[in-house]
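Let me begin by presenting the structure, written as structure tokens, before commenting on it.
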Amino acid sequence: MKNIIYITMCLPFLSHAANLFDGYESYYLTLSNRLFHSASHDLEPFSMEGDEGVFYGWSGFDSGRQRSVELQDGQVTIDSKPFPTNFVKPFPRETIEDGDLGLGAKVYFTDSWVCVEGSPPSASGTAVRHQSVYLILMGNKPMAWKLPSLFASCIGVRMNSGSPTFDSIRYFYQNGKEQPLGVDFTEYKIKDGLFLETGNKRRAIFLDGGNVYKFRVE
């Protein structure tokens, strides 16, 4: 009987602990219906003989076939198909920049979807919290989107009812305070090429002062 009482008393604590995270990727890994499950591939720098420019790329076997990705002068090329920057549709308040992706970028594949993520090499300070995430649909009618960047990751993209979904993350503050108390996750989906809010929201509370990577999800 004592063991039963002890286990019962511990259940609320275990439930509470399950909502504690030391980073956004660890939180994303708990989400269901994630689109990308295979390991990512790091893009390596290359240069052509006689050309001072540097591009980043990877090629190899993934999702059952030979795949490749190349980044050069702000343009993403997937499986030899270029996606110019003016082809990519950015999430509201996001911009497409030539320096969005470069050193440190990585790529994820499924059969039909590709996701490239990275931070501008010049990012420093709080700017490193922003990650450029390019979601690309391959096939006869390819499309590409840039997702909201704050604490973003390809592994945070889910597939629900045939539509890719993801979170737009924004800080929330206590009145008169400069330091954020936490972040709000607002879920969006891509439907018919458009960004549409789903109505699902979650809130995370920072647990250690200014540490924005340690939080509890309510």
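Observations
- Amide H contacts of residue 102 (H built 1.01 Å from N, under 5 Å, at least 5 apart or other chain): 119
- Calculated FRET value between residue 200 and residue 66, using beta carbons and R₀ = 30 Å, to 0.05: 0.20
- To the nearest 10, the accessible area of residue 41 is 40 Å² with a 1.4 Å probe.
- Among 35, 194, the order of accessible area from largest down is 194, 35, computed with a 1.4 Å probe on protein heavy atoms.
- Among 173, 56, 213, 134, the order of accessible area from largest down is 173, 213, 56, 134, computed with a 1.4 Å probe on protein heavy atoms.
- Rounded to 10°, Cα long-axis angle of helix 2-17 versus longest principal axis of the chain: 40
- Result for the chain in a Gaussian network model with C-alpha springs under 10 Å: among 89, 191, 141, the largest mean-square fluctuation is at 141.
- Restricting the GluC sites (Glu not before Pro) of segment 92-182 to loop positions (DSSP other than H, G, I, E, B) with no more than 14 neighbouring Cβ atoms within 10 Å leaves 97, 178.
- Pairs spanning more than 18 Å between alpha-carbon atoms, out of 106/146; 81/141; 89/141; 89/191; 146/189; 81/191: 81/191.
- Among 61, 21, the sequence by solvent-accessible area, most first, with a 1.4 Å probe is 61, 21.
- The rule of thumb for compact globular proteins, 2.2 N^0.38 Å, goes into the C-alpha radius of gyration of the chain 1.16 times.
- Accessible area of residue 101 in the full protein assembly, 1.4 Å probe (Å², nearest 10): 30
The values are calculated or read from the model by the stated rules, or taken from the named source; none is laboratory data. Because the structure is a prediction, the values reported are computed rather than measured. Here the Cβ is made from the backbone with ideal geometry for all residues, glycine too, and neighbour counts use every protein chain on show. These accessible areas exclude ligands, DNA and RNA; they are computed on the full protein's heavy atoms, side chains included. Shrake-Rupley method; radii C 1.70, N 1.55, O 1.52, S 1.80 Å.
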